[in-house]
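Below you'll find the structure, written out as structure tokens, and then a few comments.
The values are calculated or read from the model by the stated rules, or taken from the named source; none is laboratory data. Here the structure is a predicted model, which means the values were calculated and not measured. FYI the Cβ positions are ideal-geometry reconstructions off the backbone, even for glycines, and counts take in every protein chain you see.
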């Protein structure tokens, strides 16, 4: 390691020894400052020092053409002071090289993780591919600010419902929480913090009346889809989700215990649905196919239906129930239970909700039930009515 008192002239004309690709000249006036000369004529300033682990390292500072020697000596002295105080700017720069872009983190870390446990990972992939990555995918994770997120959400909201835009916000928030939890380089805060969701009014109350249910099943009898009437009936009799019914297997049905074990569900946790007498009668009537493990398979393929929307749409149109969604059957089941006197907590358990507030959205009390409740209050307070009537007679 040749040591030399650097001068501006030497910096500009320092020779490269024959047979070498590069040479370092260490300044005697500024400890650690080094002039590096390469065979391609490139000349650069470096700083050699011990890092916090006690290891000698040499870091590039600048090209000699961009700064004079006197200025570089002052800068190198300041850098040594920072490093001595435990603030190594080169380590920060090195760390920045490991900060992933948002798109890179999603593809290399988040999506593989989501696929390992999340049944709806493909929904995340679609949201990311169509709405999120085109807007912020190119940015480094530590570059993305609250402003980037609010701009993305505002643009998305122009063409989507509030609930859809909220799903975008929730997904980005979760991705950043994962990055922080996994100690990703450069990610120590979540840019979605303090961004509120759009208000959503999705308390759509639609449930089947007894008369509508009869019309619906009359239409289902005429359906060309053999299994549709059994699928719809199972939805109404158990309150299960469409995917749970379509993928139900006979091995999950325990008729002696009157239980249906559902492992492939939205929450990812096994739950058990009680089977009523009506549900057991329905299951006894379902056509069974030799060697087929599924309860409601497509007769042509012996595999679960991917979807039954087409047949369902035609059946509800024949019944004059175009506005009834398949998920409304779950609403109706909850409504039947509530109006039958069952508690909200029992309904929560059967539907498999983790939060009671979710169950409350599905429950519905019929107008007759509400009138009965109101009349009950009147029966407990008969004197109030008497006093009001007496006062009215005296006034007249």
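Only one of these is in contact (Cβ under 8 Å) with a residue 24 or more places away in the chain and assigned by TED's automatic domain parsing to the domain that holds residue 279: 186, 239. Name it.
Values: 186 fails: assigned by TED's automatic domain parsing to the domain that holds residue 279.
Exactly one residue qualifies, and that residue is 239.
Here's a check for you: in segment 118-141, which residue that is under 12 Å from the mean Cα position of the chain (by Cα) and not in a loop (DSSP other than H, G, I, E, B) is surrounded by the most Cβ atoms within 10 Å (Cβ to Cβ)?
Only one residue fits best here, namely 128.
Picking from 213, 163, which residue would you name as being in contact (Cβ under 8 Å) with a residue 60 or more places away in the chain and assigned to a helix (DSSP H, G or I)? Walk me through how you get there before you give the answer.
Numbers: 163 fails: in contact (Cβ under 8 Å) with a residue 60 or more places away in the chain.
Step by step, each of 213, 163 is checked, and only 213 is in contact (Cβ under 8 Å) with a residue 60 or more places away in the chain and assigned to a helix (DSSP H, G or I).
Residue 17 is checked against (1) surrounded by fewer than 13 Cβ atoms within 10 Å (Cβ to Cβ); (2) at pLDDT below 95; (3) in the same structural domain as residue 134 (by TED's automatic domain parsing) and fails just one. What number does that condition carry?
(3)
For residue 224, are the conditions met, namely being assigned to a loop (DSSP other than H, G, I, E, B), in the same structural domain as residue 306 (by TED's automatic domain parsing) and in contact with a helix residue (DSSP H, G or I) (Cβ under 9 Å, 6 or more places away or on another chain)?
yes
Residue 284 is checked against (1) assigned to a strand (DSSP E or B); (2) exposed (fewer than 12 other Cβ atoms within 10 Å of the Cβ) and fails just one. What number does that condition carry?
Among (1) assigned to a strand (DSSP E or B); (2) exposed (fewer than 12 other Cβ atoms within 10 Å of the Cβ), residue 284 violates only (1).
Only one of these is touching a residue at least 40 places away in the same chain (Cβ under 8 Å), surrounded by fewer than 13 Cβ atoms within 10 Å (Cβ to Cβ) and under 37 Å from the mean Cα position of the chain (by Cα): 311, 276, 251. Name it.
251
Within segment 142-154, which residues are touching a helix residue (DSSP H, G or I) at 6+ places or on another chain (Cβ under 6 Å), in contact (Cβ under 8 Å) with a residue 40 or more places away in the chain and crowded, with 18+ Cβ neighbours inside 10 Å?
Hits for segment 142-154 are 144, 153.
Looking at 195, 232 in this structure, which one is at pLDDT 85 or above and closer than 30 Å to residue 320 by Cβ? Don't jump to the end; show me each part of the working.
Details: 195 fails: closer than 30 Å to residue 320 by Cβ.
Going through 195, 232 in turn, the sole match is 232.
When you look at residue 157, is it over 17 Å from the mean Cα position of the chain (by Cα) and surrounded by 14 or more Cβ atoms within 10 Å (Cβ to Cβ), yes or no?
yes
How about segment 81-100: which of its residues are buried (at least 16 other Cβ atoms within 10 Å of the Cβ) and either modelled with pLDDT of 95 or more or in a helix (DSSP H, G or I) (or both)?
If we filter segment 81-100 for residues that are buried (at least 16 other Cβ atoms within 10 Å of the Cβ), which is where we start, we get 83, 88, 90, 99-100.
If the condition is that a residue be buried (at least 16 other Cβ atoms within 10 Å of the Cβ) and either modelled with pLDDT of 95 or more or in a helix (DSSP H, G or I) (or both), then 83, 90 are the ones that fit.
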